[in-house]
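Okay, so here's the structure we're looking at.
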Amino acid sequence: MKKRDKAVYLDYSATTPVDPRVAQKMSRCLLTDGDFGNPASTSHVYGWDAAELVDEAREHVADLLNADPREIVWTSGATESDNLAVKGVAESFGSGHIVTSSYEHKAVLDTVAYLETRGFEATYVVPGRDGVVPADAVAEAIRPDTRIVSVMHANNEVGVVNDIAALARICRERDVVFHTDAAQSAGKVPIDVAVDPIDLISLSGHKIYGPKGIGVLYVRREPPVPLVAQIHGGGHERGMRSGTLATHQIVGMGEACRIARLELEREGQRIRELRDRLWSHLRQIPGSSVNGSLESRLDGNLNVAFAGVDGETLLMALNDVAVSSGSACTSATVEPSYVLREMGLADDLASSSLRFTVGRFTTEDDVDFAGQRVAQVVQTLLGESL
């Protein structure tokens, strides 16, 4: 097998490289001959030009969701957006009940756990073995005092896509706010808030070939969503999120959303073909199996268990293929992925699983090399375990 000068990158769910088109547009907002002004400076042309770029970016994000630009609130990333959504709604009521899933991103799970220390009650709906959160189970969990339901659109580890349209309708019928973390799905799966009654959506720039440090919370205007600000000081973003706007990052996220909207279908097909090509290699490895539904998942995601192989050992041996295990590391132990556990996988299979994600800059040579390399390493490790 031909040696690679640099590891093949198959960890697009962790972060994406910034698209060169995005980086070029961002660079124009940094230096003295560019649009570096403070968008809140209303007394001179530097501020006006920056504000115009922010407005343009806001429109690009809104177009991706088929939303009103006034419903787009800039944040530092999906983690802040999740906190603003879940805490903001809960604190507007002061008490009550929250429904979420047991395999949410920690940005939601830890936020709900915090609210439980403040007197709120929570129900955690368990996903099925296929990785899908059952809509009927969410409906059963809703109580008269439920304030918000938060279920992610696509899981960050297994890539399985939930039916957020159905969940949003259930919540609207019960007069309950519905939030979804769409950090993994936005720009990859169509989202249309004009059709589906989703109240709050969290987005992340660095998951869609934009910069790190920028995100969005979509906040529906009609009917209005009760939301208490979490950051104070200046009343920016219509009072929902104070702080000087990072023009270059906002412009980057706006451009990333514009490109994603235009290329969603074509890029999705290409990435899906690469994902299937990778699986055609990995499925030949004895004891390999996909975690979660292969049909209802993001185009670029493969979460694969390799029976009889320790995932962390495999991960360390794959020094020329960048993937992730999903394991939660502590100073003393390595625990199996809580996501896979919640889906019902036994600890040994959960511990033998790796996440592969292909993306915009992945090539056929990349997936062929990775597939062959994984097979080679697994075979070696299985031989050593005999």
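The values are calculated or read from the model by the stated rules, or taken from the named source; none is laboratory data. All values derive from a computational prediction rather than experimental measurement. So basically every Cβ, Gly included, is an ideal-geometry build from the backbone, and we count neighbours across all protein chains shown.
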Would you pick out the residues in region 137-162 that are among the small types (G, A, S) and touching a helix residue (DSSP H, G or I) at 6+ places or on another chain (Cβ under 9 Å)? A139, S150
Among the residues of region 26-75, the number that are surrounded by fewer than 20 Cβ atoms within 10 Å (Cβ to Cβ), charged (D, E, K, R) and part of a helix (DSSP H, G or I) is 7
Filtered residue count, region 102-122, keeping only those that are free of Cβ contacts under 8 Å to residues at least 60 places away in the same chain and either within 14 Å of T146 (Cα to Cα) or out of contact with any helix residue (DSSP H, G or I) (no Cβ under 7 Å at 6 or more places or on another chain) (or both): 14
With respect to S81, determine if the residue is free of Cβ contacts under 8 Å to residues at least 60 places away in the same chain and not assigned by TED's automatic domain parsing to the domain that holds G300. no
Output the qualifying pairs, or none if there are none: Cβ atoms under 7 angstrom, residues six or more apart or on different chains, first residue in region 33-58 and touching a residue at least 12 places away in the same chain (Cβ under 8 Å), second residue assigned to a helix (DSSP H, G or I) and of a type in the set (D, E). D35/D49; G37/D49
Criterion violated by V125 - all others in (1) surrounded by 20 or more Cβ atoms within 10 Å (Cβ to Cβ); (2) touching an Asp or Glu at 6+ places or on another chain (Cβ under 6 Å); (3) without any contact (Cβ under 8 Å) to a residue 40 or more places away in the chain; (4) not basic (K, R) satisfied: (2)
Go through (1) surrounded by fewer than 19 Cβ atoms within 10 Å (Cβ to Cβ); (2) assigned to a helix (DSSP H, G or I); (3) assigned by TED's automatic domain parsing to the domain that holds G205 and name the single condition I250 misses. (1)
Can you name the residue in region 307-343 that is within 21 Å of G292 (Cβ to Cβ) and loosely packed, with under 14 Cβ neighbours inside 10 Å and, of all such residues, is modelled with the highest pLDDT? E335
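Out of all the residues in region 293-306, which are at pLDDT 95 or above, of a type outside the set (K, R) and more than 15 Å from F361 (Cα to Cα)?
Hits for region 293-306 are L298, L302, N303, V304, A305, F306.
Here is a yes/no grid of residues against (1) under 29 Å from T16 (Cα atoms); (2) in contact with a Gly (Cβ under 9 Å, 6 or more places away or on another chain):
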site: T75; (1), (2): yes, yes
site: T100; (1), (2): yes, no
site: L115; (1), (2): no, no
site: V125; (1), (2): no, no
site: A135; (1), (2): no, no
Hits in region 156-212 - residues which are under 30 Å from T247 (Cβ atoms) and aliphatic (A, V, I, L, M): A182, A183, A186, V189, I191, V193, A194, I198, L200, I201, L203, I208
Hey, Q284 hits all of (1) surrounded by 21 or more Cβ atoms within 10 Å (Cβ to Cβ); (2) over 22 Å from S101 (Cα atoms); (3) not aromatic (F, W, Y) but one; which does it fall short on? (1)
Meets criteria (of a type in the set (S, T, Y) and surrounded by 23 or more Cβ atoms within 10 Å (Cβ to Cβ)) for T16: yes
Suppose we keep only residues that are of a type in the set (A, V, I, L, M, F, W, C) and in contact with a Ser or Thr (Cβ under 9 Å, 6 or more places away or on another chain) within region 112-134. Which one would you say is nearest to A305 (Cα to Cα)? V132
Looking at region 178-227, which of its residues are under 12 Å from the mean Cα position of the chain (by Cα) and charged (D, E, K, R)? D181, K188, K207
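Tell me, which strands (runs of 3 or more DSSP E) wholly within region 136-240 include 3 or more residues that are in contact (Cβ under 8 Å) with a residue 60 or more places away in the chain, crowded, with 22+ Cβ neighbours inside 10 Å and not aromatic (F, W, Y)?
177-181, 200-204, 215-219
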